[in-house]
Amino acid sequence: MSATYCLELGCEEIPARFIEQLCINLKLKCIEALAKQRVTCDVDSIQTYATYRRLVLCVPNMSAKQEDEQLLVKGPPVAIGLNDDGSYTQAALGFAKKSGISEKDLCIKAIQGKDHVCFLKETLGQETPTVLAKLIPEIILSLPLPINMRWADHTTSFIRPIHWIVSLYGDQVVPFDLFGVQAGRVSYAHRMKSDGDSSLGKSVHITSSETLLSQLEEHYVLVDPNVRAKRIKDALASEGCDTYDEALFKEVVYLTEWPKLLKGTFDDRFSKGLPEFVLIECMKKHQRYFPVFQKGKGLLPCFLVVADNVTDQNKTTIIQGNQRVLAARLSDALFYYNQDTAQSLASFAEKLKGVVFQKNCGTLYDKQARLGIIMEFLYAHIGLNFKNNNDYKDVDLKRLAYFAKADLVTQMVVEFPSLQGKVGAHYASKKEDTFKYHEFIQEQYLPLGLGSKLPELAPGALLALADRFDMLVYSFFNGAKPTGSQDPLGLRRAVNGIFRILNHHQWPCDIMAVIDQCYELIAKGNAHRDRLDSFIKARFQALLVDEGKSGDTAYSYDIADSVLHLALFNVRKAINHACHLYEFKNDAFEKFKLVSETAVRVHRLAKKGHELGDLPQVQTPLFEHDIEMDLYDTICKFNLDKYDKDRFEDLNKIAEKFTRYFDDVLVMAENDAVKKNRLRFLISWDDVFLKFANFETIVVSQ
Amino acid sequence: MTKPVRTFQDIIAQLHAFWSEEGCLILHPFDVQKGAGTMSPYTFLKALGSAPWRVAYIEPSRRPTDGRYAENPNRLQHYFQYQVIMKPSPEDIQDRYIRSLEAIGISRKNHDIRFVEDNWESPTLGAWGVGWEVWLDGMEVTQFTYFQQCGGFDCKPVSVEITYGIERLCMFIQNKESVYDLIWQQHHDSQVTYGDVYKQFEIEHCHYNFNDASEARLFQLFEIYEAETNHCLDKKLAYPAYEYCLKCSHTFNLLDARGVVSVSERTAYILKIRTLARRCAETYLRSIGELEPVS
């Protein structure tokens, strides 16, 4: 006999953004706990469901009883436990007494090949409900909570106050007590739609664990989020809304128990008076409305709202209410927009003089000036040339920097901070003299996160880089200490952005030279420079590893590490090297092994050379072996600028020569001049190998 | 006779009657300028300590930066909050709240009422809680918070705070597009609107807040109020200290609206006020015997 167990935790409104993770954890904790309990169940079919007011767990096919358990309890080894005549010693009898058993229960069993005095401890399985009554409250209290709270005079905390608990094994209540609530079979239906005595909703006596979902559905609760999602999706589709914001959609699924889509409209004057992105922001961000687009017509003057308590009687009232709220928000936005656009972008840029920004780093106006200088530095350093580019030839980078942050003091961005960049771009596009900058201003905040778009336009990318470099330097200068996984200042994100932009544009860039430049602009010393350098290196290392995991060529972490020093000068080149190295290792392991061993050997000797300080240039007359001259000719002809994956074949040929070299040549010769000459020679070769990778970090095995 | 309308003052009276029935004291506005009903000592100090406390009151609230010269129909630098505090938080508080809406004519059956996550934090008060904003057909009408900490001290037991934006609610009920058109009172054929009482007040305060407040004197005032707070605290007088702490907070808000506080100074000022508020909370807890006195 087996049955389904079902748990429903009835809570006050749980934040939508946490519900999915709570369900995942509930399931995991349940599987974890059951595994230790000798209760068989259909683990693969364990299900969770949730709405904003309830978390539900269903465990199908649970056996009625725990399995009985036989456990061999180990006592003393026979040498100590048995007398010569085979009778038990005092030690063995003491073991029996301590374990609460009699002598006749003792036996001899081999444990790990050695005989011991033992006994077989038998535990009879308990009834499953008895096990669950103890287990379930433990599972609930062990749930990791993203935010927890206390309420009334309870000392323990949960995500939100709990009001009821349904706990059924088949049709039998599995009782327990939690937060002063007695688990039973009473659930509550939809707050408003069901006819309850209070706004807890109508009370529903759940007959059995199998009927919870269907009984609640009779009272306007769709417990299964997939069912709600489908309803909402279908309703959106029938209104012509096929593409929508996934995050918003998910949130709405968890903001409802009985979703119903309603359509409202807004006045034409808002569509005419406000840019689309502002209209969309007002609808989505504050109101959780879906905007409606029509092919060829763009954004329509209407919105879709998913309400939870819709009846034929109140439908019109709810639509009107929502329309009024949106109209109020849009008229606010229009008010700010009209005020803002009565001024030029330059007038906002000037206002930045009054905005003190970060201590020791002046005003936002000063920051803009720095951005201009950093951009020009990057432009020259990367070796860009806009002169022959029709799109960029008139771009004045200092001028671009001057407008870059102007929107931060517009009323629109003060009101809608997430629109920074977009607002500046839009305002710039409205005036002829700033028009050419608008796309670059918009791109400066890209990438916004993982998988986000990158700045495609070179000036936009330069601005994005400059902004991030400047931000990193002043943050560290002022003592920022990134720790753990938290990133409140966005320092990690900034380095990630730099890495991805440089990779995307295939720009060479000496990171440390840029940092030097940024420090110089703050002009108050080099505070915390070491910490910043190691932070950047650690991030680049992690990003190279990520790139290996996600790229087409899945190179391993050690190969990622071997090109880190290259990435600090050229991100794309480093990634290419890593890929080629990985292929070389896979396709021609023996060759790779030889190259790697040679490079490591050369590297270690080169280190010895470095320890001797500045060595004189290589002098060929000091060579004593043919192979020395041979390798000397090779390095003179070696063209480092030419690079493709076939170069590893060249390296292999060189490594073969080195095999002979190390056979014939004693590097650490007794003659000091000869020794130094050889070390100097190997330093040159080390430099060549390092241009490919730092082979020392690579694990040489297949 | 015009059609009877639920006036602004009706709504306040009906909320008073409702919460009085629920066992709340009905108190009156506290006579120091403040940013929100939470800052009244009836909330900030009374949420501390173990003694039960149930109160409802209306509180004028000042947000100098929110002023719009009465040109924006929804935004004011001076408005009213209707505030309810219950300690410990009753199990059925959400239901009580929904019934309070019915007391002012908003039936749960006729509207889409939702509790949407919104956690509350006041950096100046060192206070935070978790809860929701309540949506009424998409309009945010109430802030609902379970206090977790106040002045840096854990709230034990936990108080629940309900803050109604009564102008919003009244606009909803009276179906008005502008706060200034709200009918405050109706007597036979004569009406007094919110605008009659507060429009000129708003405009003049906006001029003052944004343009005419004397920067130098306000900076001086801040220092004086800060010193007086500390003076009272040294004398172990929590209530008078807290009043001066509120004056600091309002003076800072004025300076902020005037645009003379830089971003980094801003953080420093907030920290100063938080330190004062924390000391007030500490002094209060000592004076009611729930913290060891300083020897």
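Quick note: the coordinates plus some simple rules give every number you see, no bench work behind them. These numbers come from a predicted model, not from an experiment. Reconstructed Cβ throughout: ideal geometry from the backbone, glycine too, with neighbour counts over all protein chains shown.
Numbers for the structure displayed
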quantity: Total charge dipole magnitude, chain A, about the Cα centre, Cβ charges on Lys, Arg, Asp, Glu only, Debye to nearest 20; calculated: 1660 debye
quantity: Positive-end residue, the protein assembly as shown charge dipole about Cα centroid, Cβ charges, pick of B:222, A:151, A:248; calculated: B:222
quantity: Neighbourhood net charge (11 Å Cβ-Cβ; Lys/Arg +1, Asp/Glu -1) for residue B:244; calculated: -2
quantity: Amide proton proximity set for residue A:265, modelled H, under 5 Å, gap of 5+; calculated: A:303
quantity: Ranking of A:637, A:193, A:97 by count of other Cβ atoms within 10 Å, fewest first; calculated: A:637, A:97, A:193
quantity: Dipole of region B:4-99 [Lys/Arg +1, Asp/Glu -1 at C-beta], most positive-end residue of B:11, B:94, B:81; calculated: B:81
quantity: Taking chain A and dividing mean pair separation by its residue count, relative contact order in percent (alpha carbons under 8 Å, at least six apart); calculated: 7 percent
quantity: Trypsin sites (Lys or Arg not before Pro) restricted to region A:341-391 and DSSP loop, no more than 10 other C-beta within 10 Å; calculated: A:387
quantity: Helix-only [θ]222 nm of chain B, DSSP H runs n ≥ 4, -39500 (n - 2.57) each, per residue, nearest 500; calculated: -13000 deg cm²/dmol
quantity: Ratio of Rg to Rh over region A:347-527 (Cα coordinates, Kirkwood Rh, two decimals); calculated: 0.94
quantity: Chain A - mean residue ellipticity at 222 nm from DSSP helices (-39,500 (n - 2.57) per run, n ≥ 4, rounded to 500); calculated: -15000 deg cm²/dmol
quantity: Shape of chain B, Cα gyration tensor, a/c cut at 1.5; calculated: oblate
quantity: Dipole in debye (nearest 20) - region A:225-341, about Cα centre, beta carbon charges: Lys, Arg +1; Asp, Glu -1; calculated: 200 debye
quantity: Region A:39-148, dipole about Cα centre (Lys/Arg Cβ +1, Asp/Glu Cβ -1), debye to the nearest 20; calculated: 420 debye
quantity: Which of A:300, A:342, A:438, positive extreme of dipole for chain A (C-beta unit charges); calculated: A:342
quantity: Sorted by Cβ neighbour density within 10 Å, fewest at the top, the residues A:205, A:116; calculated: A:205, A:116
quantity: Charge sum, other residues only, whose C-beta stays under 11 Å from residue B:170's C-beta, Lys/Arg counted +1 and Asp/Glu -1; calculated: 0
quantity: Global geometry of region A:69-123, whether rounded, prolate or oblate, following the gyration tensor of its Cα atoms and the 1.5 cut on a/c; calculated: oblate
quantity: Taking B:255, A:448 and counting other C-beta atoms within 10 Å, the order from fewest to most; calculated: A:448, B:255
